[in-house]
Amino acid sequence: MSEEVLDCVEAGARDNAVASVIWLHGLGADGHDFEPIVPELRLPENLPVRFVFPHAPVRPVTLNGGMAMRAWYDIIALGGNAQQDEPGIRESEQHAHALIRRENDRGIPSGRIVLAGFSQGGAIALHTGVRYPEPLAGVMGLSTYLPLTESVSAERSSANSDTPMFMAHGTADPVLPMQMGQKSREFLEQLGYRVEWHDYPMEHAVCLEEIQAIGDWLQRVLA
């Protein structure tokens, strides 16, 4: 298990933050990827939020011919029955734990932290969120899916059984088909999680309407 705190890009509130959003990027991107979105969320001035965008470690990715890139875990193949990199997923879960604990050390309790991510980063957010031993303010997964579902029932924490979840997906996503996201949503709802679902006519991306919905949701869960 890793105690290392990854290098991060930060935006939004600094010393006066009353809440934090830890936002994990997608495969091959870095912590700068979602930094420009922060002002577009239009959060009110009386809700100072620190946004933390960590850089994933660099590792070879089998699906991309073994090319080294920033990735939260290896991807052997895409699809519902594809082999999953469980060691890599669990390593990134511990990176997420370390990031949450650092926010705790900076004065933000876990109940004021949203764990978010896009694509591969969203998979880690969902995976970590259902297992985290302290209540979080919310969990957000964009254009993503829940990995390692076979172990969720045994490993999930009651601390986050009622934590609000936000999931969104593009109806024309050619990378992670929306059916993967829908299947994960249904799985989570069957376990009793409260999932707010949105879909948009887009590919593997985010859109303005989605960003506005995220901003509204963040205001609700961090109010």
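The values are calculated or read from the model by the stated rules, or taken from the named source; none is laboratory data. Predicted model, so just to flag it, every value in this text is computed and none were measured. Quick reminder, even Gly has a Cβ in these numbers, built from the backbone with ideal geometry, and neighbours come from all protein chains shown. Accessible surface is based on the protein model in full, side chains and every heavy atom, while ligands, DNA and RNA are left aside. Shrake-Rupley method; radii C 1.70, N 1.55, O 1.52, S 1.80 Å.
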For q values of 0.08, 0.12 Å⁻¹, compute log₁₀ I(q)/I(0) with the Debye formula on a Cα-only model of the chain, without solvent. -0.24, -0.57
HN-Hα J couplings of the range 193-207 from phi, Karplus 6.51/-1.76/1.60, θ = phi - 60°, integer Hz, Gly and Pro as x? 6, 8, 10, 8, 10, 9, 9, 9, x, 8, 8, 8, 7, 10, 10
HN-Hα couplings for the range 110-125 via Karplus (6.51, -1.76, 1.60; θ = phi - 60°), in whole Hz with x for Gly/Pro, come out as 4, x, 10, 10, 9, 9, 10, x, 10, 6, 4, x, x, 4, 5, 4
Give me the accessible area of Y145, 1.4 Å probe, in Å² rounded to the nearest 10. 40 Å²
Averaged per residue, what accessible area in Å² does the range 60-211 show with a 1.4 Å probe, protein chains only? 41 Å²
Between L24 and residues 5 or more places away or on another chain, which pairs have amide H atoms under 5 Å apart, with H built 1.01 Å from N, and which residues are they? A116, G117, F118
Grab the beta carbon distance between A68 and V5, set R0 = 30 Å, and tell me the FRET efficiency rounded to 0.05. 0.90
If DNA, RNA and ligands are ignored and the probe is 1.4 Å, what is the ranking of F118, F187 by accessible area, most exposed first? F187, F118
Taking every Cα atom in the range 1-113, find the radius of gyration and the maximum pairwise distance Dmax, and write them in Å. 15.6, 48
Does the range 101-223 classify as rounded, prolate or oblate by the C-alpha gyration tensor (a ≥ b ≥ c root eigenvalues; a/c under 1.5 gives rounded; else a/b over b/c gives prolate, otherwise oblate)? oblate
List the trypsin sites (Lys or Arg not before Pro) within the range 1-78 that DSSP assigns to loop and that have no more than 15 neighbouring Cβ atoms inside 10 Å. R14, R42
With every protein chain present, what accessible area does R156 have (1.4 Å probe, heavy atoms only), rounded to the nearest 10 Å²? 80 Å²
Among I37, P201, V221, flag the residue with its Cα farthest along the positive direction of the charge dipole of the chain, charges on Cβ as +1 for Lys/Arg and -1 for Asp/Glu. V221
Spin-label pair Q182/E86, simplified geometry with 7 Å Cα→Cβ offset, distance in nm: 2.9 nm
Ignoring ligands, DNA and RNA, please state the percent of accessible area on the range 1-68 from carbon and sulfur, probe 1.4 Å. 50 percent
